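Colleague: Have a look at this one.
Bear in mind these aren't lab numbers, they're just calculated from the coordinates by the rules spelled out. All of these numbers come straight from a predicted model, not from anything done at the bench. Counting neighbours? That spans all protein chains shown, and the Cβs are built from the backbone with ideal geometry, glycine included.
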Amino acid sequence: MNTSITDIRKKAKKGIDRADDTTVKMILAMLEVQEKETEEETEFEKEMLRRFEDYEQGRIKTYTHDELVAHARNSFAEHQKSIK
């Protein structure tokens, strides 16, 4: 039996109409979390696309793995010196 999304929505709406207050509040909370996660994903995707475009247009500096490791080692060494 392959239930269509329309049928599922109808069943859910009927269920909500018959549900107690606690259940309705839980359903609303789940929907709000899902909406927030969707908004956050959209913002993340926009930011990633912006960064890819900056990279492709040469507007940002990139680093090799070796450069990052060297920088991290130097930063750690400087930090160690500063706390002694």
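Colleague: I'd like the orientation of helix 21-56 relative to the chain: the angle between its Cα long axis and the longest Cα principal axis, in ° from 0 to 90, rounded to 10.
Modeller: 30
Colleague: Among the aspartates and glutamates, which fall within straight-line cross-link reach of Lys61, defined as a Cα-Cα distance under 12 Å, with same-chain neighbours fewer than 8 residues apart omitted?
Modeller: Filter leaves no residues.
Colleague: Next question, about the same structure. Is it possible to state the helix-based mean residue ellipticity at 222 nm for the chain, with each DSSP H run of 4+ residues giving -39500 (n - 2.57), the sum divided by total residues, to the nearest 500 deg cm²/dmol? What is it?
Modeller: The per-residue figure over the chain is -28500 deg cm²/dmol.
Colleague: Also, I was wondering about something else. How do 58-65, 35-42 rank on mean C-beta neighbours within 10 Å, highest first? Let's see the in-between values first.
Modeller: On the way: 58-65: 8.2, 35-42: 10.0.
Packing proxy ranking, top to bottom: 35-42, 58-65.
Colleague: While we're here: For the chain, what is the convex hull volume of its Cα atoms per residue in Å³?
Modeller: Value for the chain: 251 Å³ per residue.
Colleague: May I ask you to compute the full-extension gain from Asp21 to Glu40, defined as 0.36 nm times their residue separation minus their alpha-carbon distance, rounded to one decimal in nm? Before the final figure, lay out each step's value.
Modeller: Values: separation 19, 0.36 × 19 = 6.84 nm, distance 2.85 nm.
That pair, Asp21 and Glu40, stretches by 4.0 nm at full extension.
Colleague: Work out how much length Asp7 to Lys84 would gain on full extension: take 0.36 nm times their residue separation and subtract the Cα-Cα distance, in nm to one decimal.
Modeller: 20.9 nm
Colleague: Under 22 Å Cα to Cα from Lys36, which lysines show up? Leave out anything in the same chain fewer than 8 places away.
Modeller: List returned: Lys13, Lys25, Lys46.
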